[in-house]
1. If only one of Asp263, Asp226, Asp235 is away from the ligand (no atom under 13 Å from the Cβ), in the same structural domain as Glu423 (by TED's automatic domain parsing) and not hydrophobic (A, V, I, L, M, F, W, C), which one is it?
2. Write out, first by first residue and then by second, each pair whose Cβ atoms fall under 7 Å of each other, whose residues are 6+ apart or on separate chains, and whose first residue, in the range 383-398, is basic (Lys, Arg) while the second is not in a strand (DSSP E or B).
3. Please count how many residues of the range 112-124 are buried (at least 17 other Cβ atoms within 10 Å of the Cβ) and either of a type in the set (A, V, I, L, M, F, W, C) or in a loop (DSSP other than H, G, I, E, B) (or both).
4. Got a number for residues in the range 389-436 being touching a Phe, Trp or Tyr at 6+ places or on another chain (Cβ under 6 Å) and part of a loop (DSSP other than H, G, I, E, B)?
5. Among the numbered criteria (1) without any contact (Cβ under 8 Å) to a residue 12 or more places away in the chain; (2) assigned to a loop (DSSP other than H, G, I, E, B), which single criterion is violated by Lys291?
6. Quick one: in the range 287-333, of everything that is in contact with a Leu (Cβ under 8 Å, 6 or more places away or on another chain) and charged (D, E, K, R), which residue is farthest from the ligand (Cβ to nearest atom)?
7. Of everything in the range 375-402, what is over 13 Å from Phe322 (Cα atoms), more than 16 Å from the ligand (Cβ to nearest atom) and buried (at least 22 other Cβ atoms within 10 Å of the Cβ)? Give them in sequence order.
8. Within the range 154-166, how many residues turn out to be buried (at least 17 other Cβ atoms within 10 Å of the Cβ) and over 20 Å from Ile203 (Cβ atoms)?
Amino acid sequence: MTTKMAINAKDIFRNQHRLIRFIEQSIRLCSNQSLKTAQQQQQKASTPDFEITASVNTQYTHAPEPIKHDKDLGHMFKASQMAVRLATPQQLQPKPDNDEELGFGKLFTDHMLKIYYHKSLGGWQKPEITPLENLVMHPAAKVLHYAVELFEGMKAYRGVDGKIRIFRPDMNMNRMNLAAQRSGLPTFEGKEFVQCLSRLLSIDSEWVPHTEAASLYIRPTLIGIDPTLGVASSDSALLYSILSPVGSYFKTGSNGAVSLLADPSYTRAWPGGVGNRKMGSNYAPTINVQKEAAARGLQQVLWLYGEDHQLTEVGTMNIFMFYVNDQGEQELITPPLNGLILPGITRDSILAMTRQWGKFKVREATFTMPMVSELLNQGRLLELFGTGTACVVSPINRINYLGQDLYIPTMEQEKPVHELIRETLTDIQYGKVDHPWSVVID
Ligand SMILES: Cc1ncc(COP(=O)(O)O)c(C=O)c1O
């Protein structure tokens, strides 16, 4: 081998990681027709019924509770201190062939973000991005015994312009910190964490699907890892995030409406509890009830509360009802944030957006199953739907309540409000409309 050939071989060997990524990206881009379709759709100049522009009122419906950091929290982490250890070419996973068939949370990207907190070492440690790997912890770690854990659900969307966007991340950070406070876990600077997430997203950017039928789910998680059995604040914690490409809730051609089990003998949240915080401990007790719904041929659980059977949430979504009120006006209502309701980011966005439209009344108000039955009997209930990051909007067509099936005409409306809401929100998320709620990742 000549010296020149040896140098070239050395260069190729040194850069093989980049080369493999380049080849992978090229194959993926070539094989994916969806981007083209999305661009064609964007060009179809359709006039929306309601125009949402950057001038929309982007205030919170309820100003979030301010985060008060503990005096003895110690030092905070900074995104600028990030250490990055990239996956080796052998560790890189193949990306899915068909973004439309992804399902939810089954595949994960090549890297993860980790930030440890150790009070004994002065507070938050430097953030690090590493290949996706198993976590090692002491069997006494608090998360394993007392569910000292909280999480978030966010998404990165590849816009029609190819840019990657996340949606109102400041709200996820606020909700996370409130849950940390309630769990005796250390709080942190949300802005710095969003910057760390952005770095992770740019490293794994090719995992953000090139289609509007899918997105990259972001799962920030905070756990207490103190190796001690006391039910007490965590002096050691791990804040981490993994990423998972996920499909759409709505397959093309299907109306996507869900049927619900409304059984008043189960409740998800109660006054003074933590139904308004996204903690893992809220979710395990719902699994068996969900199984019961499935066994009865129903897709989700409608969570009721109280003697009057108030509707609180549906599955892991907030609930909205569109109906004709006593004054004969069309009105959109959702239960108020009374401690039983998770302050959904989709919920808040829908309230702000529909109030701005001014096309119908919008109100936060409690509503009950007897009220739903009566409105149905009088032909005044128009639509019922769940809302959340996973699905944006999930229309409801049937509720099994006290052994009776109530048929909801959500899918029978000529111009359904839930469709308009979904379109407007996804237009913002996929960058068809420029909007301050959508934050572009550099
Ligand atoms: C119980 C519950 N309600 C509502 C929501 C919807 O919240 P968001 O719109 O922020 O996704 C979620 C999902 O996070 C949830 O788990």
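The values are calculated or read from the model by the stated rules, or taken from the named source; none is laboratory data. Note that the structure is predicted; figures quoted are calculated from it, not measured. FYI the Cβ positions are ideal-geometry reconstructions off the backbone, even for glycines, and counts take in every protein chain you see.
1. On the way: Asp226 fails: in the same structural domain as Glu423 (by TED's automatic domain parsing); Asp235 fails: in the same structural domain as Glu423 (by TED's automatic domain parsing).
From the options Asp263, Asp226, Asp235, the qualifying one is Asp263.
2. Arg398/Ile408
3. The number of residues fulfilling the criteria is 4.
4. Summing the residues that are touching a Phe, Trp or Tyr at 6+ places or on another chain (Cβ under 6 Å) and part of a loop (DSSP other than H, G, I, E, B) in the range 389-436 gives 2.
5. (2)
6. Taking the candidates together, the pick is Arg296.
7. Ile399, the sole residue that qualifies.
8. Within the range 154-166, the subset buried (at least 17 other Cβ atoms within 10 Å of the Cβ) is 154-160, 164-166.
Filter once more, keeping what is over 20 Å from Ile203 (Cβ atoms): 160.
Of the residues in that region, 1 qualify.
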